[in-house]
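Trainee: First the structure, which I've put down as structure tokens, then a few questions once you've had a look.
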Amino acid sequence: MNEGLIIDDNRQTADALNQMLGILSFTARVAYGSSSAMEILGSGFTPKFVCLDINMPGVDGTEILTYLRREPRLMSIPVFVITSDDQPETRKKVMKLGATMMIIKPATIDAMEEAFKKAKMLRS
């Protein structure tokens, strides 16, 4: 199964991303926040990709990204950081932590399609 994982504390954003991914023929589980994401990942689920928000209460997206890159079964999966934080420092930080790509909110279907093509998960 080519199922991914969407992690965002904003339900509307997470559900919209899930719909966009569906249009691109991807399926995903949705975690509405970091604690449910860690529960899903801790259950042994290995997603084919992760769409990750950075600014979340409690454990933020950079901590989840760090966990993903340290966990052997998850370290090589593509992680698309989707955030409203358009600061160059944020981009530098998430890329250094191992993000595949950073997309600025609101994500569009075109931006998602381009990101998945660049990650070689969709044909050009």
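The values are calculated or read from the model by the stated rules, or taken from the named source; none is laboratory data. From a predicted model like this one, the values you see are computed outputs, not experimental measurements. Here the Cβ positions follow ideal geometry from the backbone for every residue, glycine too, while neighbour counts run over all protein chains shown. Just so you know, the surface numbers come from the protein's heavy atoms only, side chains and all, with ligands and any DNA or RNA stripped out. Shrake-Rupley method; radii C 1.70, N 1.55, O 1.52, S 1.80 Å.
Trainee: What part of the accessible area of the stretch 2-48, given as a whole %, is carbon or sulfur when the probe is 1.4 angstrom?
Mentor: 44 percent
Trainee: Counting only protein heavy atoms, what percent of the accessible surface of the stretch 55-124 is carbon or sulfur at a 1.4 Å probe?
Mentor: 53 percent
Trainee: Sticking with this structure for a sec: Roughly how big is the chain's charge dipole about its Cα centre, with Cβ charges of +1 (Lys, Arg) and -1 (Asp, Glu), in debye to the nearest 20?
Mentor: The dipole of the chain has a size of about 560 debye.
Trainee: Ignoring ligands, DNA and RNA, what accessible area per residue does the chain give at 1.4 Å, in Å²?
Mentor: 54 Å²
Trainee: FRET efficiency for Arg70 and Gln12, Cβ-Cβ distance as r, R0 = 25 Å, nearest 0.05?
Mentor: 0.25
Trainee: According to the Cα gyration tensor, what semi-axes, each the square root of 5 times an eigenvalue, does the equivalent ellipsoid of the stretch 42-95 have, listed from largest to smallest in whole Å?
Mentor: 20, 12, 10
Trainee: Give me the tail of P(r) for the stretch 1-51 as a percent: Cα-Cα pairs with distance above 18 Å.
Mentor: Counting pairs separated by more than 18 Å, the tail of P(r) holds 23 percent.
Trainee: If you average the alpha carbon positions of the stretch 1-24 and of the stretch 86-124, how far apart do those two centres end up, in angstrom?
Mentor: Centre-to-centre distance over Cα atoms comes out at 14 Å.
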